[in-house]
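Below: the structure, in structure tokens.
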Amino acid sequence: MREDWLTLVADSPAARATGAELVARWAEPHRRYHTLAHLAAVLAAIDRLAGAAADPVAVRLAAWFHDAVYDGRPGWDEERSAQLAQARLPRCGVPAGRVTEVARLVRLTAAHDTLAEGDRDGAVLCDADLAVLGGPDYEPYTAHIRQEYAHVPDELFRQGRAAVLRRLLAVPRLYRTDEAYALWEKRARANMSAELVALAAAQPAGNEAAQ
């Protein structure tokens, strides 16, 4: 994957060091879903959707950084990842304007449903990041997410996960690019709706009124 990284930045000792750091971060042992496999899947989805982006290079760079810091702290992880991009990319010869765009895109992945209309780069990155929702590996994905949040008690996890799913299902259109919408929208909504049903079924007796 380091060779893929070097297609985005000028080859230099700083660029190679940054690529090695990113690969090491994505390979951290505590990760279960946010791994090198997820990064590769997002990059592959971006390749498929790149024609809709205004700056495909910025989108791919943002993919490399979007979960580079991952401690299972939503919002905090994305902010730290954006700060990492701002610190590392200038050393790799990336122009200041593109660095700013990459950091903006990384921060955007903290809440995909806040994407503004007409944000072409944001649409491609968010659609690629959410491609798993409409893919064939939805059940392994949910299992890996639960493993990453193993420190959270079952009831709190169910409540938090259900809230995320409801928020995503509430948006009129989950995928903003036409191609992603055609590919994944219907199946993603079916997958998330089925997971909500399963979460409700796992609710301990007596707690239903709290929902």
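The values are calculated or read from the model by the stated rules, or taken from the named source; none is laboratory data. All values reported here derive from a predicted model rather than from experimental measurement. Here the Cβ is made from the backbone with ideal geometry for all residues, glycine too, and neighbour counts use every protein chain on show. Quick note on the areas: whole protein, heavy atoms, side chains included, nothing else; ligands and nucleic acids left out. Shrake-Rupley method; radii C 1.70, N 1.55, O 1.52, S 1.80 Å.
For the chain, the longest principal axis of the alpha carbon atoms and the long axis of helix 76-88 meet at an angle near 10°. Starting from the Cα gyration tensor of the range 3-53, take the square roots of the eigenvalues, sort them a ≥ b ≥ c, and report rounded, prolate or oblate (rounded when a/c is under 1.5, otherwise prolate if a/b is larger than b/c, else oblate). Here the range 3-53 falls in the oblate category. The residues of the chain have, on average, 48 Å² of accessible surface per residue, using a 1.4 Å probe with all protein chains present. Here the range 102-155 is treated as a Stokes sphere of Kirkwood radius computed over C-alpha pairs; at 37 °C and 0.692 mPa s its diffusion coefficient rounds to 255 µm²/s. Projected onto its three principal axes, the C-alpha set of the chain covers 60, 36, 26 Å, listed from the longest axis down. Per-residue ellipticity at 222 nm from helix content only, as computed over the chain with -39500 (n - 2.57) for each DSSP H run of at least four residues, stands at -19500 deg cm²/dmol.
All other residues with a Cβ under 12 Å from the Cβ of residue 174 taken together, and with Lys, Arg as +1 and Asp, Glu as -1, what is their net charge? Local charge sum for residue 174: +2. With angles folded into 0 to 90 degrees, how steeply does helix 96-108 sit against the dominant principal axis of the chain? Use alpha carbons for both and round to 10. Helix 96-108 and the main axis of the chain meet at about 10 degrees. Close amide H contacts of residue 94 (hydrogens built in the peptide plane, cut-off under 5 Å, sequence separation of 5 or more or a different chain): none are found. How far is helix 56-65 tilted off the main Cα axis of the chain, in degrees rounded to 10, range 0 to 90? Orientation of helix 56-65: about 60 degrees from the principal axis. Spread over its residues, the convex hull of the C-alpha atoms of the range 23-98 is 98 Å³ per residue. Using the Karplus relation 6.51 cos²θ - 1.76 cosθ + 1.60 with θ = phi - 60°, the per-residue 3J(HN,Hα) values for the range 5-17 come to 4, 6, 6, 9, 10, 5, 5, 7, x, 5, 5, 5, 5 Hz, with x marking Gly and Pro.
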